[in-house]
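J.: Input: one structure, supplied below.
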Amino acid sequence: MEREQAQKRAEELRAVIEKNNRLYYDQDAPELEDFEYDALTRELKAIETEFPDLVTPESPTQHVGGTASSKFTKVTHAVKMESLQDAFSLEELRDFDSRVREAGIKPEYVVEAKIDGLSVSLEYRNGRLVRGSTRGDGMVGEDVTENLATIRDIPLQLENAPAFLEVRGEVYMPHAAFFKLKEQQELEDKTPFKNPRNAAAGSLRQKNAKITAERGLSIFVFNLQQCEGRSFATHHETLDYIKSLGFPVSPRYSVFSSIEDAIREIQTIGELRGTLEFDIDGAVIKVNDLAARRVLGSTNKFPRWAIAFKYPPEVKESVVRDIEVTVGRTGVLTPTAVFDPVFLAGTSVSRASLHNGDIISSLGVGIGDTIQVRKAGDIIPEVIAVSAHGPDSKPFMMPTVCPSCGAPVVHLQDETALRCVNPECPAQSLRNLIHFASRDAMAIDGLGEAVAIQLTEKNLVHTVADLYSLNEEQLLTLDKFKKKSAQNLLTAIEHSKTNNLDKLLFGLGIRNIGDKAAALLAEHFGSMEAIRSAGVEQMCEVDGFGAVMAQSVREFFDKEGTSDLLARLEKAGVNMQWTGTPKGTALAGKTLVVTGTLPTLSRQEAEALIVQNGGKASGSVSKKTSYVVAGTAAGSKLTKAQALGIPVIDEAGLYALIQNT
């Protein structure tokens with residue numbers, strides 16, 4: 001490769017890799033599979049090795065990919081949370097061993113499974129958890145103490161602990177918890193997490209600790225970062241000590257005297273990975289002797305005393321026997337390939353989503369074709385290619401009518417998916433009912449998926465309005481329902497009538513309208529009737545409400561059956577008014593940023609106060625920022641505000657602004 005060509009390709013690779021770094025580390029929504037990302041990174045490394053002058057300090061080969069989110073307080077790590085160098089062949093492991101020995105070290109190795117999750121630090125003072133943080137870029141992470149404290153495997157108090165202790169671990173989501181969450185997201189017509197790693201990261205890196213607590217996260221601790229008053233000779237000793245304190249440690253760790261023994265252990269772990277209840281994306285070899293580690297040191301990105309072996313993705317072939325089409329809550333038709341069972345990543349797989357008609361066309365898949373199947377992230381089955389067309393194979397065509405109700409299906413503007421728009425569609429009725437009763441909507445305790453299925457199958461509920469005419473006699477016909485459970489459900493249904501208007505709006509399942517958008521509408525217009533009468537232009541005047549959302553709301557109210565549904569709900573006594581505290585106007589038109597620690601208000605409380613008084617609370621400083629509210633230990637946001645000449649006030653100044661404006 002010529003230098004000019006190499007430079008151009010390196011720039012292309014850096015752009016793609018950095019984009020995926022942001023998606024993976026910061027938004028928990030990567031576009032590339034791990035093996036695709038690894039292949040691009042290896043190509044970039046090869047170019048930089050051949051042309052060392054092309055290496056830049058900003059290259060993704062020179063730094064860890066994550067950054068600390070502005071949603072959380074930043075934490076500077078006393079001990080750098082390093083990334084690991086990856087190996088993709090056994091020969092690279094042997095080369096690693098040679099480099100260690102060339103440094104004059106006769107090593108023992110500890111081999112551990114590489115858990116696929118989110119790396120965190122846990123700090124304890126006098127045995128009490130005082131801070132938990134994400135890795136971020138290795139030097140600066142995010143304070144997520146409150147969320148980590150909800151994970152049952154993380155001890156909040158340690159017995160016989162040193163004065164100060166810091167350990168590093170990997171937060172992960174077990175498969176059972178992931179599938180439960182994914183199923184719930186699909187039933188509620190939410191975009192499901194792609195794999196357990198993204199689900200773990202997304203559950204930990206958000207503001208509501210109650211949601212974290214419900215997600216069933218776990219942790220394995222794999223390293224001792226700091227320990228006051230104690231010293232250790234080997235990594236194996238530290239793991240034993242951490243385990244004795246009550247931490248769940250790496251599930252399998254053993255010491256080996258040669259690289260070949262370590263390689264055999266890696267191969268064994270690889271054979272077992274399909275049987276594990278959690279995801280691993282490789283295995284790690286670490287030099288056991290801690291003094292030897294100090295001799296070997298680190299590069300600016302990787303320790304020289306450890307290496308991670310990445311297992312290749314497993315791909316199997318199978319024959320498509322059918323393509324089934326199901327209908328979601330909002331009427332979207334989803335095709336699923338049904339094929340001869342294959343054993344992939346430890347489980348038997350016989351179904352995989354084909355997502356939509358365009359995907360089917362691009363793959364060219366038909367019934368009778370031989371397809372290639374893998375598990376995305378080693379967890380979700382997907383069809384990646386057609387190996388051969390069957391002798392009688394014909395391209396599969398999506399249906400022109402709904403498979404559930406027989407109504408014609410349509411392509412709505414700018415949508416790839418086909419959609420059934422019949423409001424009486426039985427398939428949609430079930431999912432609408434589940435969504436309506438969900439926690440973020442009407443929060444009807446006791447009305448989960450199993451009960452919703454029975455209510456629809458027994459024709460007791462056709463629309464959500466039917467819930468409010470249910471009686472005890474009808475509920476007693478449901479499986480496992482006794483008098484008390486029936487009364488409890490009726491009480492929960494009755495209680496839901498008093499919910500605020502935004503909960504009802506969200507529960508109605510209007511396309512493109514989430515809980516926050518529903519709250520904007522309810523607060524701005526004040527009543528269901530006012531929203532119903534509003535035009536698209538009026539809705540677009542609501543701060544934060546876009547044209548697509550406004551059009552979706554208008555289509556919902558114009559749809560046949562909506563008027564009758566709302567009339568029945570109102571007649572049943574369901575609240576149709578916004579009952580929240582009216583917003584003040586003191587900060588109307590102003591954007592404020594809160595940074596640092598305020599004397600009496602938490603950041604969330606300060607931001608709520610800003611919004612309550614008509615202002616906008618932003619997480620970043622820009623030229624459009626009206627004020628920065630700064631407390632102690634204010635960092636880069638304060639510096640940026642000063643550089644831009646933006647007024648800086650304290651907590652007292654915020655109250656004065658509200659009272660005097």
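The values are calculated or read from the model by the stated rules, or taken from the named source; none is laboratory data. Keep in mind the model is a prediction, meaning the values are calculated, not measured. As a convention, Cβ positions derive from the backbone with ideal geometry for all residues, glycine included, and neighbour counts pool all protein chains shown.
J.: Can you pull out every residue in the stretch 274-284 that is out of contact with any Ser or Thr (no Cβ under 7 Å at 6 or more places or on another chain) and over 12 Å from GLU112 (Cα atoms)?
T.: Within the stretch 274-284, THR275, LEU276, GLU277, PHE278, ASP279 qualify.
J.: Only residues in the stretch 578-604 that are among the aromatic types (Phe, Trp, Tyr) and modelled with pLDDT of 80 or more count as the first member; pair them with residues that are part of a loop (DSSP other than H, G, I, E, B) and surrounded by 13 or more Cβ atoms within 10 Å (Cβ to Cβ), Cβ under 8 angstrom, at least 6 apart or cross-chain, and list the lot.
T.: Once the first residue is among the aromatic types (Phe, Trp, Tyr) and modelled with pLDDT of 80 or more and sits in the stretch 578-604, its partners that are part of a loop (DSSP other than H, G, I, E, B) and surrounded by 13 or more Cβ atoms within 10 Å (Cβ to Cβ) give TRP578/ASN500; TRP578/GLY526.
J.: Looking at the stretch 236-257 only, could you name the residues that are closer than 24 Å to THR76 by Cα and touching an Asp or Glu at 6+ places or on another chain (Cβ under 9 Å)?
T.: PHE247
J.: While we're looking at this one, here's another question. Where residues in the stretch 176-235 are in contact with a helix residue (DSSP H, G or I) (Cβ under 7 Å, 6 or more places away or on another chain) and small (Gly, Ala, Ser), which of them is nearest to THR73 (Cα to Cα)?
T.: Looking at residues that are in contact with a helix residue (DSSP H, G or I) (Cβ under 7 Å, 6 or more places away or on another chain) and small (Gly, Ala, Ser), I get ALA209.
J.: I want to confirm something. Restricting to the stretch 116-130 and keeping residues that are surrounded by fewer than 22 Cβ atoms within 10 Å (Cβ to Cβ) and aliphatic (A, V, I, L, M), which single residue is farthest from ILE242 (Cα to Cα)?
T.: Looking at residues that are surrounded by fewer than 22 Cβ atoms within 10 Å (Cβ to Cβ) and aliphatic (A, V, I, L, M), I get VAL130.
J.: Yes or no: the stretch 293-312 includes at least one residue that is of a type outside the set (Phe, Trp, Tyr) and within 20 Å of VAL349 (Cα to Cα). Let's see the steps before the verdict.
T.: The first filter runs over the stretch 293-312 and keeps only residues of a type outside the set (Phe, Trp, Tyr), leaving 293-301, 303-304, 306-308, 310, 312.
Restricting the remaining residues to those that are within 20 Å of VAL349 (Cα to Cα) gives 312.
Yes, there is a match, as at least one residue in the stretch 293-312 is of a type outside the set (Phe, Trp, Tyr) and within 20 Å of VAL349 (Cα to Cα).
J.: Here's another thing I want to ask about it. Could you list all residues from the stretch 450-479 that are surrounded by fewer than 15 Cβ atoms within 10 Å (Cβ to Cβ), of a type outside the set (Val, Ile, Thr) and at negative phi?
T.: ALA450, GLU457, LYS458, HIS462, SER469, ASN471, GLU472, GLU473, LEU476, ASP479
J.: Here's another thing I want to ask about it. Quick one: in the stretch 179-236, which of the residues that are at pLDDT below 85 and farther than 26 Å from ALA417 by Cβ is surrounded by the most Cβ atoms within 10 Å (Cβ to Cβ)?
T.: Checking each candidate, the answer is ARG205.
J.: Looking at this structure, is VAL342 touching a helix residue (DSSP H, G or I) at 6+ places or on another chain (Cβ under 8 Å) and in a strand (DSSP E or B)? Steps first, please.
T.: Working: touching a helix residue (DSSP H, G or I) at 6+ places or on another chain (Cβ under 8 Å): no; in a strand (DSSP E or B): yes.
So VAL342 fails the test.
J.: Given the conditions (1) in contact (Cβ under 8 Å) with a residue 24 or more places away in the chain; (2) outside any helix (DSSP H, G or I); (3) not hydrophobic (A, V, I, L, M, F, W, C), and given that TYR468 satisfies all but one, which numbered condition is not satisfied?
T.: Here TYR468 meets the rest and fails (2).
J.: Looking at THR463, THR477, which one is more than 33 Å from the chain's Cα centre (by Cα) and at pLDDT below 95?
T.: Of the residues listed, the single one that is more than 33 Å from the chain's Cα centre (by Cα) and at pLDDT below 95 is THR477.
J.: Test LEU290 against the stated conditions and say whether it is modelled with pLDDT under 90 and hydrophobic (A, V, I, L, M, F, W, C).
T.: Judged against the criteria, LEU290 is not a match.
J.: Sort out which residues of the stretch 188-246 are within 16 Å of VAL120 (Cβ to Cβ), among the polar types (S, T, N, Q) and either within 29 Å of the chain's Cα centre (by Cα) or not assigned by TED's automatic domain parsing to the domain that holds ILE154 (or both), and write them in order of number.
T.: Result: ASN198, SER203, GLN206, THR212, SER218, ASN223, GLN225.
J.: Still on this structure: Kindly indicate which of SER626, SER636 is of a type in the set (S, T, N, Q), out of contact with any helix residue (DSSP H, G or I) (no Cβ under 9 Å at 6 or more places or on another chain), at pLDDT below 90 and not assigned by TED's automatic domain parsing to the domain that holds ASP143. Before you say what the answer is, go through the steps one by one.
T.: Values: SER626 fails: at pLDDT below 90.
Matching residue, one of SER626, SER636: SER636.
J.: Another question about this same structure. Scanning for something touching a strand residue (DSSP E or B) at 6+ places or on another chain (Cβ under 9 Å), modelled with pLDDT under 90 and crowded, with 17+ Cβ neighbours inside 10 Å, does the stretch 147-169 turn up at least one residue?
T.: no
J.: Let me ask something additional. Would you check if GLY274 is on the phi > 0 side of the Ramachandran plot, surrounded by fewer than 18 Cβ atoms within 10 Å (Cβ to Cβ) and either touching a Cys at 6+ places or on another chain (Cβ under 6 Å) or not in a strand (DSSP E or B) (or both)? Reasoning before the result, please.
T.: Numbers: on the phi > 0 side of the Ramachandran plot: no; surrounded by fewer than 18 Cβ atoms within 10 Å (Cβ to Cβ): yes; either touching a Cys at 6+ places or on another chain (Cβ under 6 Å) or not in a strand (DSSP E or B) (or both): yes.
It is false that GLY274 is on the phi > 0 side of the Ramachandran plot, surrounded by fewer than 18 Cβ atoms within 10 Å (Cβ to Cβ) and either touching a Cys at 6+ places or on another chain (Cβ under 6 Å) or not in a strand (DSSP E or B) (or both).
J.: On the basis of being of a type in the set (Phe, Trp, Tyr) and closer than 13 Å to LYS590 by Cα, does TYR655 make the cut? Let's see the steps before the verdict.
T.: Working: of a type in the set (Phe, Trp, Tyr): yes; closer than 13 Å to LYS590 by Cα: no.
For TYR655, the condition - of a type in the set (Phe, Trp, Tyr) and closer than 13 Å to LYS590 by Cα - is not met.
J.: Applying the selection to the stretch 109-150, what residues are in contact with a helix residue (DSSP H, G or I) (Cβ under 8 Å, 6 or more places away or on another chain) and free of Cβ contacts under 8 Å to residues at least 40 places away in the same chain?
T.: LEU129, VAL130, GLY132
J.: Another question about this same structure. What about GLU382, is it of a type in the set (Asp, Glu) and surrounded by fewer than 17 Cβ atoms within 10 Å (Cβ to Cβ)?
T.: So GLU382 fails the test.
J.: Still on this structure: Select from the stretch 389-406 the residues that are hydrophobic (A, V, I, L, M, F, W, C) and in contact with a Pro (Cβ under 7 Å, 6 or more places away or on another chain) and list them in ascending order. Talk me through it step by step, then tell me what you get.
T.: Here is the first cut: in the stretch 389-406, the residues hydrophobic (A, V, I, L, M, F, W, C) are 396-398, 401-402, 405.
Residues satisfying the conditions are MET398, VAL401, CYS405.
J.: Just to check your reading of the model, which residue among SER231, SER254 is among the hydroxyl-bearing types (Ser, Thr, Tyr) and either in a loop (DSSP other than H, G, I, E, B) or touching a Lys or Arg at 6+ places or on another chain (Cβ under 7 Å) (or both)? Explain how you work it out, then say what you get.
T.: Values: SER254 fails: either in a loop (DSSP other than H, G, I, E, B) or touching a Lys or Arg at 6+ places or on another chain (Cβ under 7 Å) (or both).
Within the list SER231, SER254, the selection yields SER231.
J.: Just wondering, is there one or more residues in the stretch 480-489 that are surrounded by fewer than 18 Cβ atoms within 10 Å (Cβ to Cβ), touching a residue at least 40 places away in the same chain (Cβ under 8 Å), part of a helix (DSSP H, G or I) and more than 26 Å from the chain's Cα centre (by Cα)?
T.: yes
J.: Given the condition over 22 Å from LEU504 (Cβ atoms) and in contact with a Ser or Thr (Cβ under 7 Å, 6 or more places away or on another chain), answer yes or no: does some residue in the stretch 596-605 qualify? Break it down stepwise before answering.
T.: Of all residues in the stretch 596-605, those over 22 Å from LEU504 (Cβ atoms) come to 596-605.
Now restrict to residues that are in contact with a Ser or Thr (Cβ under 7 Å, 6 or more places away or on another chain): 596-597.
Yes, there is a match, as at least one residue in the stretch 596-605 is over 22 Å from LEU504 (Cβ atoms) and in contact with a Ser or Thr (Cβ under 7 Å, 6 or more places away or on another chain).
J.: List the residue pairs whose Cβ atoms are under 6 Å apart, where the first residue sits in the stretch 383-401 and is of a type in the set (Val, Ile, Thr), the second is not in a strand (DSSP E or B), and the two are 6 or more positions apart or on different chains.
T.: VAL386/LEU363; VAL386/GLY364; VAL386/VAL365; VAL386/ASP369
J.: Using beta carbons and a limit of 8 Å, which pairs, at least six apart or on different chains, have the first residue in the stretch 533-558 and in contact (Cβ under 8 Å) with a residue 60 or more places away in the chain and the second one of a type in the set (A, V, I, L, M) and buried (at least 16 other Cβ atoms within 10 Å of the Cβ)?
T.: Taking only residues 6 or more apart or on different chains, the pairs are ASP543/LEU520.
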